[in-house]
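No lab work stands behind these numbers, since they all come straight from the coordinates. Everything numeric here is computed off the predicted structure, so don't read it as measured data. Cβ: placed from backbone, ideal geometry, glycine included. Neighbour counts: every protein chain shown.
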Amino acid sequence: MTQIINGATSGRHIVDGPLTVAAANQAVPGLIRNAIDQRIVKVRPMSTPIDQLSRCGGSRPAKSMVVEYYSVDPKRTSSTVAADVPAGLGKRRADGIYTHTITTEDDLLFEPSETLMFPTVMVNKTEKSVGEPLVAYVIARNADSGIEIMAVNAEGASAGKPVIPAIPEHSPIVRMGRAATELDVQTPQFQALPTKASNNCQIFKMQVEEGTFHKIANKEIGWNFSDQEEAAIIDMRLGMEKNFLFGSQAKIVDPNKNEEIYLTGGIWRQAGREKQVILDDFSEKTLIDIAEAAFTGNCGSKRKILICGSGLLSIISKIDCRMVRRASETTVKWGLMFNEIVTNFGSLFVVHSEMFDQCGHSDDGMVIDPAYLTKYVHVPFHSEQLDLRRSGTRNTSAVVITEASCVVLRYPDSHLRVIGVKVNE
């Protein structure tokens, strides 16, 4: 009888028997990969780009059917003035020190010792110069009356009498770096807490059967059970792709089986940002606007994937590009073939998705940051042989293919829905 023992420091050894597939699976489960698992990412990858990306990018194990994950975005960098601030010196605090109290749309965003810039409020203007944006230093944040600031570069600041110009309501305020004194040891605390979200793993199944007599029959072509498995995988992945994109997260009960069913939520609704584009007036400038929305204000990657329906892709393909650059050759990555569009904001790898067309989104698209696309797997993709002949059910060879998984978007603001609108229809 074959025995398995542990090695001196690592590894396992077969004793009193040959090295067989069964023994290898017993000693090191997963060492010998299932033939279906080896071929899955090679089966029509261009038809299922989301499933392909999630498999090639690596997946995380999930201990239950409900997956909880966390994401955190950086602290917002800007706000706006909530009420007009009059011009003048402001309130005298000491010799040469004058302060102004301003209210903002979110006073809690600002901390003492931060420096601020007012991009639209210009100071030190002359006949030969348009001046520079007003910069201020935050002295304190008051509980009820906004934040107290001191102008840094206003006119007269060098003489100890800084006179600021009027700051209109809705003027933007940009947070800059903190400024400490030489003796400062501490600074106002900064904490960031992640936001928890959840998704359901869905159990995807496909069963393939072949009758014994059909199996031994002489066929005109070499169509065998493995070919049927491959066809089943294609159909299974196409269905999974639609759920991963446009599925609705839910938990329902099958009235016939009286058992719970988990449905996964699609990433289309998980994206944190949205951009509408007018298809009737789509131009190179529209493409640049999409890139601006996709790459700015979210701290994401500078290379993202634009998955398009056929309508949107057709319009993009017809644009005469001068301000952006199209790569002369296609790029192959993750088993997918992309056309690259390079803008000053970042690079978009464009690929067509049949699922957008089939699910009523042919004029839409989605910009995905592959660094923050994560797949959770509760039951890994595998096949299981069913012995229906011995059980007396059917005289067939049967295989059941199963996976329980979901796809989530971490850092939702790094991803963008592109909604195509036709005005003339």
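Report Rg(Cα)/(2.2 N^0.38 Å) for the stretch 250-347, keeping two decimals. Don't skip to the end; give the middle numbers.
Working: Rg = 18.4 Å, N = 98, 2.2 N^0.38 = 12.6 Å.
It is 1.47.
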For the stretch 350-356, what does the Karplus curve 6.51 cos²θ - 1.76 cosθ + 1.60, with θ = phi - 60°, yield as ³J(HN,Hα) per residue in whole Hz, taken in order and with x for Gly and Pro?
9, 9, 8, 10, 5, 5, 4
Loop-resident trypsin sites (Lys or Arg not before Pro) in the stretch 113-158 with no more than 13 other Cβ atoms inside 10 Å, DSSP not H/G/I/E/B, are Lys125, Lys128
Mind listing the Cα extents of the stretch 73-146 along all three principal axes, in Å, largest one first?
41, 35, 22
